[in-house]
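The values are calculated or read from the model by the stated rules, or taken from the named source; none is laboratory data. It should be emphasised that the depicted structure is a prediction, and the values quoted were computed from it without experimental measurement. When we count neighbours, we look across all protein chains shown, and the Cβ atoms used for this are built from the backbone with ideal geometry, even at glycine.
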Amino acid sequence: MNAPTLLLVQLTTILIAARLCGFVLKRIGQPPVIGEMAAGLLLGPIVFGAWLPDLHALVFAASSLPALSGLGTVGVALFMFLVGLELRAPDGTRAQVRSAVLVGGLGVAVPLLLGLAVSPYLHPRYAPDGVPFWPFALFVAAAMSVTAFPVLARILRDRNLTRSVPGRLALSAAVIDDGCVWILLAFVLALSRGGSTSGVLVTVLGAAALVAVVFVVLKPLYARVLRPRIGDGELPAATFAWIVIGCVACAASAEWIGLHAVFGAFLFGIALPRDDRLLDALTVRIEPVAVVFLMPIVFALAGQHTTPGAFVGAGLGAAALVLAVAIVGKIAGCATGARLSGHGWRDSLAVGSLMNARGLMELIVIKIGYEAGLIGPELFTMLFVMTLLTTFMASPLVSVFHRGGATLPAGRETHS
């Protein structure tokens with residue numbers, strides 16, 4: 001089978017599996033994206049490779065994966081660009097903002113500390129050869145702290161909770177949570193760059209230069225160009241092309257300085273004007289390609305890195321430990337923050353349950369860690385399964401803890 005034919009076969013297989021699994025999950029009241037992520041796991045060595053090893057070796061031959069990886073990188077960059085464009089600073093009264101900061105801060109701090117606490121056990125068993133303790137431990141801590149802002153928004157919208165007290169608080173806190181995690185992840189990647197002081201310095205200085213260019217040069221430039229062109233909600237093709245160029249150029253710059261393409265695309269999205277008409281126009285054009293077509297490729301590629309050996313012997317206990325730390329850290333941290341802000345226990349636990357959903361963001365984070373050599377296939381597999389389970393848990397737990405109640409004033413619903 002020649003390369004173009006194989007690529008088309010891979011894409012067909014991935015998209016069919018994603019659609020079918022997404023349909024099944026939607027039928028049981030879950031966001032379809034969870035099914036699409038599960039499809040990636042099913043297409044890997046654990047299921048497809050175990051049941052039909054020869055066919056799996058043919059369809060997903062190792063030599064063919066770089067082409068899929070290139071498409072996946074584009075998909076992740078476009079997705080993170082939309083996430084950056086979508087993020088808004090916490091709004092509302094000073095008390096509401098303070099609550100969001102407290103929930104988001106504890107939602108990072110508690111799982112981060114628990115992740116650091118279990119790292120001495122995980123490092124000798126699951127760190128790749130030559131990876132020092134602190135880059136590994138900080139990455140594990142970051143992976144435990146992630147909240148899936150887009151999946152969270154989808155759950156809230158599907159359950160008509162976007163304007164509920166727990167929903168608005170969780171959305172605002174997730175902005176702070178993800179901002180802290182991405183900064184920490186950027187630091188971890190800089191720390192792991194070559195293991196040398198000069199390597200870290202190059203990455204840090206490069207990141208600072210990229211931030212300066214994006215916010216000092218590109219932000220005012222694109223604001224001047226875009227605002228006159230989106231008055232009627234339409235986005236001319238030429239303007240859209242320059243937005244894509246900016247996104248891809250920032251992603252390439254981040255990759256070049258030793259971070260990851262997602263950081264550049266995310267920064268560029270944050271820098272564009274906070275205009276709902278622009279967000280709607282770009283979402284209509286980019287989301288179908290990024291989310292429907294390209295992100296299932298990312299899930300399938302992630303699935304190829306998994307290994308059934310992760311759950312053999314002591315691995316089963318380690319997987320249970322990772323899952324417990326992730327769930328307890330996130331729910332306890334966020335619920336405590338909400339409770340300290342004056343909310344009742346039911347609403348506080350509902351907020352913690354929502355923030356426990358990790359979804360696409362977590363999968364992107366662990367994929368970056370795997371590609372950077374910070375974790376091996378065993379721990380990657382455990383974190384992948386933890387991602388699926390914590391995201392699946394969110395919706396049922398919210399149903400248990402939140403049974404209606406007060407809502408905040410109507411505002412714009414966030415796209416997922």
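Tabulated results
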| read-out | value |
| --- | --- |
| Residue count for the stretch 2-15, restricted to those that are closer than 17 Å to Phe48 by Cβ and over 24 Å from the mean Cα position of the chain (by Cα) | 3 |
| Given (1) assigned to a loop (DSSP other than H, G, I, E, B); (2) crowded, with 22+ Cβ neighbours inside 10 Å; (3) of a type outside the set (Gly, Ala, Ser), index of the condition Arg168 fails | (1) |
| Hey, Ala141 in a helix (DSSP H, G or I), within 30 Å of Tyr126 (Cα to Cα) and not β-branched (Val, Ile, Thr) or not | yes |
| Counted residues, the stretch 238-269 - those being surrounded by 18 or more Cβ atoms within 10 Å (Cβ to Cβ) and either in contact (Cβ under 8 Å) with a residue 60 or more places away in the chain or under 23 Å from Leu184 (Cα atoms) (or both) | 19 |
| Members of the stretch 27-45 found to be closer than 25 Å to Ile366 by Cα and part of a helix (DSSP H, G or I), listed by number | Pro32, Val33, Ile34, Gly35, Glu36, Met37, Ala38, Ala39, Gly40, Leu41, Leu42 |
| Condition met for Val328 (under 30 Å from Ala261 (Cβ atoms), of a type outside the set (S, T, N, Q) and surrounded by fewer than 20 Cβ atoms within 10 Å (Cβ to Cβ)) | no |
| Among the residues listed as Gly206, Gly199, Gly194, the single one being surrounded by 11 or more Cβ atoms within 10 Å (Cβ to Cβ), modelled with pLDDT under 90 and either in contact with a His (Cβ under 6 Å, 6 or more places away or on another chain) or not in a helix (DSSP H, G or I) (or both) | Gly194 |
| Hits in the stretch 330-375 - residues which are of a type in the set (Lys, Arg) and more than 12 Å from the chain's Cα centre (by Cα) | Lys330, Arg339, Arg346 |
| Output for the stretch 16-41, where each listed residue is more than 20 Å from the chain's Cα centre (by Cα) and closer than 15 Å to Leu301 by Cβ | Ala17 |
| Helices (runs of 4 or more DSSP H) (entirely within the stretch 260-359) containing at least 3 residues that are over 22 Å from Ser395 (Cβ atoms) | 261-271, 276-287, 295-304, 314-340 |
| The stretch 1-29: number of residues that are surrounded by fewer than 21 Cβ atoms within 10 Å (Cβ to Cβ) and under 30 Å from Ala357 (Cα atoms) | 14 |
| Boolean, Gly369 is modelled with pLDDT of 90 or more, touching a Phe, Trp or Tyr at 6+ places or on another chain (Cβ under 6 Å) and more than 17 Å from Gly107 (Cα to Cα) | yes |
| Residue match in the stretch 52-67 (condition: hydroxyl-bearing (Ser, Thr, Tyr) and farther than 30 Å from His343 by Cα) | yes |
| The stretch 282-297, residues that are out of contact with any Phe, Trp or Tyr (no Cβ under 8 Å at 6 or more places or on another chain) and buried (at least 21 other Cβ atoms within 10 Å of the Cβ) | Pro296, Ile297 |
| Residue among Leu114, Leu106 that alone is modelled with pLDDT under 95 and of a type in the set (A, V, I, L, M) | Leu106 |
| Selection within the stretch 46-61 - in a loop (DSSP other than H, G, I, E, B) and aromatic (Phe, Trp, Tyr) | Phe60 |
| Flag if Leu171 is modelled with pLDDT under 80, within 30 Å of Gly342 (Cβ to Cβ) and out of contact with any Phe, Trp or Tyr (no Cβ under 7 Å at 6 or more places or on another chain) | no |
| Test: Gln96 is touching a Pro at 6+ places or on another chain (Cβ under 8 Å) and assigned to a helix (DSSP H, G or I) | yes |
